[in-house]
Amino acid sequence: MSPNVLLRSVVIIVFLLALSSAIAVAQDIQKDPLIAAVEAGDLPPLEERLPNNPLVVGPGLLMPEAALPDWEPGQHGGTLRTAFTSAFGFSGEMYVMNLEPIIAAPDIDVQGFYGNLAESFSVNDDATVFSFTLRAGVKWSDGTALTTADVAFVFDDLYNNADYGAFPNKFKSASGTPAELTVVDDYTFSLAFDTPSGGILRDLAITGWTSYNDMIKPSRHLADYHPDHADADELAAKLEAEGLTAEEWPILFNSVDCPRSHMMREKCIGFPQLSPWLVSELSESGTIMRRNPYYWKVDTEGKQLPYLDTLVAQVFGDGEMVNLGAIAGDIDFLYGTQYSNFPLYKENEESGGYVTIPLILHADPTALYIQTCNSDSAYVAVADDVRFRQALSHAIDREEIIDVIYLGLGSIPTWIPAEFDPDAANALLDEMGMDQRDGDGYRMSPAGEAFTLYIDVAPVRPDMIPVGELIVDHLATFADVHAELRQSDPNVKNQRIANNESQASIHWIQTYQWRPGMNSEFAGSSQWCASWREWLNTGGASGAEPPAEVKRLYEILVARKSTLPYSEADLALVDELFALHYDNVWILPMIENVLRPTIFNADFGNIAIGGTQMGASRAGEQYFYRTMQ
């Protein structure tokens, strides 16, 4: 080979090596949103921050493809602005965007589970043993490794420690026996129950808007506040500084722990976490969260998620100021919208640079709870007759409520007799003995006494009082039933329910459409005969004994702890539960399948056009700006 040819070959090779290196650097920059910090020596490179097998987010994973048909890889950068109405408040949007359960399913469903923080999981044949393998190499936000030691710390040192508190029901079998934790290695562990406990999958994935915190905590960080691990003298000094005794260590421990509901508090700044964004600043003007450099998800091109750099919850004076901010284009994501403002939102989309997408609300926003546990025997004599409750339901014109209050964004409920039928309502009331009227034309009780139905309501949401006013009007107009709306503070209303002083009340309830994933609101709750639920929870030690049908509701909820979600046995129990509600009409929902206006920046990619609002919100790590920020 001639010297010239050799020289040209060397030059070509050097060029190709340089080009390859440049491409690799470009790819690193594209994949790593924090490449500048890496180059400055402030962070390790991306491959050292990601787990061995990161969760790859692509089409159909976080949201079903029918709800998000045009998923695409995004680009890094930008700030998402949302809103709340008080300084140092709680942003629902930012909260939901940071939930990371150990297992998950698309949207908020309990079908199609996949490993989230757990790379994989398995269930034995009789659903008594649940094995999980954490993603090897996942790191807490401070760079320390996530291992099964962080699981063992929760179960061994907290849940099985009577000084810390009672073992949580979430990890008990249907028989009430706590699960047993077995640690296999640094990444594999199992939970064993004494009876089938398939419902734990639902509880680990979604119940109570769960996240990893219920079973995983940063043990290295929190060990300094636990008497079994901390230096005794150092812990004693910390307790003394807070005016606490040695026995009160759980108070100190909880004051520094950062469970999911506290993620926007000052104590969580710098606390090791596993969520996509971390709180970094709190002020009177708002809350700021910044990307977690050790987040353990990537997109289909290997780019680390989340795409967005920063989340900002801005403080607005009140709900009206929030609406003005939205239509002015000062808010990029808002699910706490008002139905009545839907036309206003739509009219200002182009000028505000946003889109308004109606998404399914996970709750029926207004329901009338008939409190037949009331301590007034004269009232109970009326309300405990199912014909009375059926009559009330038939006397309510839900189509008017849906059209006027919810602008047609919903449908008539199907899990109780909800047809508007004044003739049926009046026939039922006549049949039960309320066929006499007083001087004002209102029906009297079967005992011949004046009758008024007092309905407690609190302005928890702006639609509740207007719905209550329509209910009062409908009952008088179509059934001659005198009702009065009793407005109060939420705490006052809830205390009346707890004391069996409320005759009826208005609140939301989990939607019927979410039946396999629904929670325990359908068997007594803080909103429906709280004393019944207290009796059921305590085995009769306190509270008021409920009727047999309500006891059966509770039995169904307990039985569902045993069944796998969407199994034939589980769906049969759900069907029985709602059949009992249909027959007894304890709760009267006004609307179901509600579509709530949800505001997104018009430049966002990977925004759902269907599915639930909460599901779309939980998928925030895949939002991105199409225009480079």
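When only residues in the range 452-478 that are in contact with a Leu (Cβ under 9 Å, 6 or more places away or on another chain) and acidic (Asp, Glu) count, which is surrounded by the fewest Cβ atoms within 10 Å (Cβ to Cβ)?
So the residue we want is Glu469.
Out of the residues in the range 563-595 meeting the condition of being of a type in the set (Phe, Trp, Tyr) and in contact with a strand residue (DSSP E or B) (Cβ under 9 Å, 6 or more places away or on another chain), tell me which one is modelled with the highest pLDDT.
First, the residues of the range 563-595 that are of a type in the set (Phe, Trp, Tyr): 566, 578, 582, 586.
Now narrow it down to the ones that are in contact with a strand residue (DSSP E or B) (Cβ under 9 Å, 6 or more places away or on another chain): 578, 586.
Details: Phe578: 93, Trp586: 97.
Filtering first and then ranking leaves Trp586.
Does Met264 satisfy being outside any loop (DSSP other than H, G, I, E, B) and touching a Ser or Thr at 6+ places or on another chain (Cβ under 8 Å)? Working first, answer last.
Numbers: outside any loop (DSSP other than H, G, I, E, B): no; touching a Ser or Thr at 6+ places or on another chain (Cβ under 8 Å): yes.
In short, no.
Output the helices (runs of 4 or more DSSP H) that fall wholly within the range 527-629 and possess 1 or more residues being of a type in the set (Asp, Glu) and open to solvent by less than 20 Å² (accessible area, probe 1.4 Å), or say none. Give the steps one after another, and end with the answer.
On the way: elements: 530-537, 548-559, 568-584, 613-618.
Here the list reads 568-584.
What's the number of the only condition in (1) closer than 19 Å to Leu146 by Cα; (2) small (Gly, Ala, Ser); (3) open to solvent by 10 Å² or more (accessible area, probe 1.4 Å) that Ser275 fails to meet?
(3)
Mind telling me which of the residues Val312, Val322, Val298 ends up being open to solvent by 20 Å² or more (accessible area, probe 1.4 Å) and not aromatic (Phe, Trp, Tyr)? Full working, then the answer.
Numbers: Val322 fails: open to solvent by 20 Å² or more (accessible area, probe 1.4 Å); Val298 fails: open to solvent by 20 Å² or more (accessible area, probe 1.4 Å).
Going through Val312, Val322, Val298 in turn, the sole match is Val312.
When Gly517 is evaluated against the numbered criteria (1) at pLDDT 95 or above; (2) crowded, with 18+ Cβ neighbours inside 10 Å, which criterion, by number, is the only one it fails?
Unmet condition: (1).
Filter the range 175-223 down to the residues that are on the phi > 0 side of the Ramachandran plot, surrounded by fewer than 16 Cβ atoms within 10 Å (Cβ to Cβ) and touching a residue at least 12 places away in the same chain (Cβ under 8 Å) and list them by number. It would help to see each step written out before you state the result.
Step one: list which residues in the range 175-223 are on the phi > 0 side of the Ramachandran plot, which gives 176, 208-209.
Still in the list and also surrounded by fewer than 16 Cβ atoms within 10 Å (Cβ to Cβ): 176, 208.
Across the range 175-223, the qualifying residue is only Gly208.
Can you name every residue in the range 355-404 that is of a type in the set (S, T, N, Q) and over 26 Å from the mean Cα position of the chain (by Cα)?
Quick first cut of the range 355-404, residues of a type in the set (S, T, N, Q) only: 356, 366, 371-372, 374-375, 377, 390, 393.
Listed by number, the residues that qualify are Gln371, Thr372, Asn374, Ser375, Ser377, Gln390, Ser393.
Which of the strands (runs of 3 or more DSSP E) contained wholly in the range 278-322 include at least 1 residues that are charged (D, E, K, R)? Walk me through how you get there before you give the answer.
Working: elements: 286-291, 297-299, 310-315.
The strands (runs of 3 or more DSSP E) meeting that bar are 286-291, 297-299.
Only residues that are closer than 18 Å to Phe155 by Cα and open to solvent by 80 Å² or more (accessible area, probe 1.4 Å): list them for the range 224-238, please. Outline the logic, then answer.
We begin by selecting, within the range 224-238, every residue closer than 18 Å to Phe155 by Cα; these are 224-230.
Within the range 224-238, Asp228, His229 meet the criteria.
So which residues in the range 613-629 are modelled with pLDDT under 95 and touching a Lys or Arg at 6+ places or on another chain (Cβ under 9 Å), if there are any at all?
The answer is Gln613, and nothing else.
So Ala166 fits all but one of (1) among the hydrophobic types (A, V, I, L, M, F, W, C); (2) surrounded by 15 or more Cβ atoms within 10 Å (Cβ to Cβ); (3) farther than 19 Å from Arg260 by Cβ; what number is the exception?
The single condition Ala166 does not satisfy is (2).
Would you mention how many residues in the range 560-596 are more than 17 Å from Arg202 (Cα to Cα) and of a type in the set (A, V, I, L, M, F, W, C)?
Pass one, the range 560-596, residues more than 17 Å from Arg202 (Cα to Cα): 575-596.
Among the residues that remain, those that are also of a type in the set (A, V, I, L, M, F, W, C) are: 577-580, 585-588, 590-591, 594-595.
Residues that pass the stated criteria total 12.
Pick out the one residue from Leu334, Leu305 that is over 20 Å from the mean Cα position of the chain (by Cα) and among the hydrophobic types (A, V, I, L, M, F, W, C). Give the derivation first.
Numbers: Leu334 fails: over 20 Å from the mean Cα position of the chain (by Cα).
It is Leu305.
Is there a residue in the range 426-435 that is of a type in the set (S, T, N, Q) and either farther than 30 Å from Thr337 by Cβ or in contact with a strand residue (DSSP E or B) (Cβ under 6 Å, 6 or more places away or on another chain) (or both)?
So in the range 426-435, the residues of a type in the set (S, T, N, Q) come out as 426.
Then keep just the ones that are either farther than 30 Å from Thr337 by Cβ or in contact with a strand residue (DSSP E or B) (Cβ under 6 Å, 6 or more places away or on another chain) (or both); that gives 426.
Yes, the range 426-435 contains at least one residue that is of a type in the set (S, T, N, Q) and either farther than 30 Å from Thr337 by Cβ or in contact with a strand residue (DSSP E or B) (Cβ under 6 Å, 6 or more places away or on another chain) (or both).
I'm checking my understanding of the structure. Among residues of the range 239-254 that are touching a helix residue (DSSP H, G or I) at 6+ places or on another chain (Cβ under 8 Å) and open to solvent by less than 60 Å² (accessible area, probe 1.4 Å), which one is farthest from Phe271 (Cα to Cα)?
Step one: list which residues in the range 239-254 are touching a helix residue (DSSP H, G or I) at 6+ places or on another chain (Cβ under 8 Å), which gives 239, 242, 244-246, 248-249, 252-253.
If we keep only those that are open to solvent by less than 60 Å² (accessible area, probe 1.4 Å) too, we end up with 239, 244, 249, 252-253.
On the way: Leu239: 20, Leu244: 23, Trp249: 19, Leu252: 15, Phe253: 13 Å.
If we take residues in the range 239-254 being touching a helix residue (DSSP H, G or I) at 6+ places or on another chain (Cβ under 8 Å) and open to solvent by less than 60 Å² (accessible area, probe 1.4 Å), then Leu244 is farthest from Phe271 (Cα to Cα).
Got at least one residue in the range 96-113 being under 17 Å from Tyr295 (Cα atoms), open to solvent by 10 Å² or more (accessible area, probe 1.4 Å) and not polar (S, T, N, Q)?
Looking only at the range 96-113, we keep the residues that are under 17 Å from Tyr295 (Cα atoms), and these are 96-104.
Remaining after also requiring open to solvent by 10 Å² or more (accessible area, probe 1.4 Å): none.
The answer is no; no qualifying residue exists.
Taking the range 116-127 as the search range and keeping residues that are in contact with a Phe, Trp or Tyr (Cβ under 6 Å, 6 or more places away or on another chain) and in contact (Cβ under 8 Å) with a residue 60 or more places away in the chain, which one is surrounded by the most Cβ atoms within 10 Å (Cβ to Cβ)?
Applying the first criterion (in contact with a Phe, Trp or Tyr (Cβ under 6 Å, 6 or more places away or on another chain)) to the range 116-127 yields 117-118, 121, 123.
From the residues that got through so far, the ones that are in contact (Cβ under 8 Å) with a residue 60 or more places away in the chain too are 117, 123.
On the way: Leu117: 22, Val123: 17.
Taking the candidates together, the pick is Leu117.
Applying the selection to the range 484-507, what residues are outside any loop (DSSP other than H, G, I, E, B), open to solvent by 10 Å² or more (accessible area, probe 1.4 Å) and more than 27 Å from Pro597 (Cα to Cα)?
Going through the range 484-507, the residues outside any loop (DSSP other than H, G, I, E, B) turn out to be 484-487, 490-498, 504-507.
Subsequent filtering for residues that are open to solvent by 10 Å² or more (accessible area, probe 1.4 Å) retains 484-487, 490-492, 494-496, 498, 507.
Matches in the range 484-507: Glu484, Leu485, Arg486, Asn491, Val492, Asn494, Gln495, Arg496, Ala498.
The values are calculated or read from the model by the stated rules, or taken from the named source; none is laboratory data. Quantities reported herein were computed from a predicted structural model and do not represent experimental measurements. Counting neighbours? That spans all protein chains shown, and the Cβs are built from the backbone with ideal geometry, glycine included. Note: areas computed on protein heavy atoms with side chains; ligands, DNA, RNA excluded. Shrake-Rupley method; radii C 1.70, N 1.55, O 1.52, S 1.80 Å.
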